[in-house]
Amino acid sequence: MKVIAFSSIKGGSGKTSAALFTAEALAKAGKRVIAVDADANNNLTDALARKESPAYLEEHSLYRAITGRRPLPECVIPTDFNLGLIAGTPSLAHAGRDLSNDPGVVFRFPAELKALDAEVIIIDTPPALTIELTLALYAADMVIVPVGFTRWTIAAFEVIDDQLRVVKKTTGRPARLLALPDIVTERELVSLRKIHVGWTMTRTAIFKSAAIRNATNTGKALKDNTTAWTWYNELALEVME
């Protein structure tokens with residue numbers, strides 16, 4: 001099993017779209033995929049499970065699992081995209097308070113996650129230094145940070161890098177950290193690769209696209225014949241190498 005977290009503390013970086021469409025691409029390639037929405041803003045859940053009621057999603061939410069109210073395997077729900085989902089709901093906002101006296105959760109959650117019946121787990125994380133982000137970083141084999149040609153997405157990458165250093169010191173297990181050029185133009189991509197030569201960047205880049213924005217907002221899959229779909233398909237192949 002491979003656990004991949006899409007992380008950035010900068011909102012609007014393309015993180016959720018990257019997590020969503022990479023998960024869909026992997027599922028279409030025949031992988032057993034579970035998407036985990038660890039963000040209280042729950043945009044990934046809204047895209048994948050728009051037809052489900054809020055009450056149903058809450059009963060099968062990540063919040064219920066990490067606070068011990070429901071076993072993690074029972075929180076996986078099927079979606080129309082041929083992948084499983086562990087839903088994010090606004091109740092996740094309480095997780096930091098509820099887990100403040102449970103330091104063992106950072107070790108327990110990764111073990112429970114890796115016991116799930118999946119080949120790939122994709123985690124969408126919140127744009128803040130929360131317990132949900134910490135749990136994802138402790139569980140991840142790979143962390144992908146979308147970066148654009150802006151100083152704040154670049155600064156956000158460095159924050160995630162710092163957090164992963166803490167995880168490595170604690171566990172002795174380093175996650176692979178990749179910067180994903182996202183919401184960029186061809187010219188900006190060239191500049192990013194030239195300026196940040198010390199970073200490990202994905203070969204794949206996600207360019208500015210109205211099709212991506214529309215698909216994310218409407219909860220519909222990207223069409224296979226679109227240029228945007230080829231980018232995520234290439235990213236899915238790359239992360240599984």
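The values are calculated or read from the model by the stated rules, or taken from the named source; none is laboratory data. A quick note: this is a predicted structure, and the numbers were derived from the prediction, not measured. Backbone-built Cβ (ideal geometry, glycine too); neighbour counts: all protein chains shown.
Could you list, ordered by first residue, the pairs with Cβ atoms under 7 Å in which the first is in region 144-168 and without any contact (Cβ under 8 Å) to a residue 40 or more places away in the chain and the second is in a helix (DSSP H, G or I), at least 6 apart or interchain?
Gln163/Leu137; Leu164/Leu137; Val167/Leu137; Val167/Tyr138
Inside region 63-94, can you point out the residues that are outside any loop (DSSP other than H, G, I, E, B), among the charged types (D, E, K, R) and under 20 Å from Thr134 (Cβ atoms)?
Filtering region 63-94 down to residues outside any loop (DSSP other than H, G, I, E, B) leaves 63-66, 72-75, 77-78, 84-87, 90-94.
From what is left, the residues that are among the charged types (D, E, K, R) are 64, 74.
Hit for region 63-94 is Arg64, nothing else.
Scan region 78-100 residue by residue and report those that are buried (at least 21 other Cβ atoms within 10 Å of the Cβ) and either out of contact with any helix residue (DSSP H, G or I) (no Cβ under 7 Å at 6 or more places or on another chain) or of a type in the set (Lys, Arg) (or both).
Gly84
Can you tell me how many residues in region 15-62 are surrounded by 24 or more Cβ atoms within 10 Å (Cβ to Cβ), of a type in the set (S, T, N, Q) and part of a helix (DSSP H, G or I)?
4
Can you name every one of the helices (runs of 4 or more DSSP H) wholly within region 159-241 that holds 3 or more residues which are in contact with a helix residue (DSSP H, G or I) (Cβ under 9 Å, 6 or more places away or on another chain) and modelled with pLDDT of 90 or more?
Working: elements: 186-195, 210-218, 227-239.
Per the criteria, 227-239.
Would you be able to tell me the number of residues in region 102-117 that are touching a residue at least 12 places away in the same chain (Cβ under 8 Å), of a type outside the set (D, E, K, R) and part of a helix (DSSP H, G or I)?
Total meeting the criteria: 6.
Whether any residue in region 119-135 is within 21 Å of Ser7 (Cα to Cα), part of a loop (DSSP other than H, G, I, E, B) and in contact with a Pro (Cβ under 9 Å, 6 or more places away or on another chain) is what I want to check. It would help to see each step written out before you state the result.
Initial filter on region 119-135 (within 21 Å of Ser7 (Cα to Cα)): 119-135.
Within this subset, residues satisfying the condition of being part of a loop (DSSP other than H, G, I, E, B) are 119, 125-130.
Filter again for in contact with a Pro (Cβ under 9 Å, 6 or more places away or on another chain), leaving none.
Looking for residues that are within 21 Å of Ser7 (Cα to Cα), part of a loop (DSSP other than H, G, I, E, B) and in contact with a Pro (Cβ under 9 Å, 6 or more places away or on another chain), one finds none in region 119-135, hence no.
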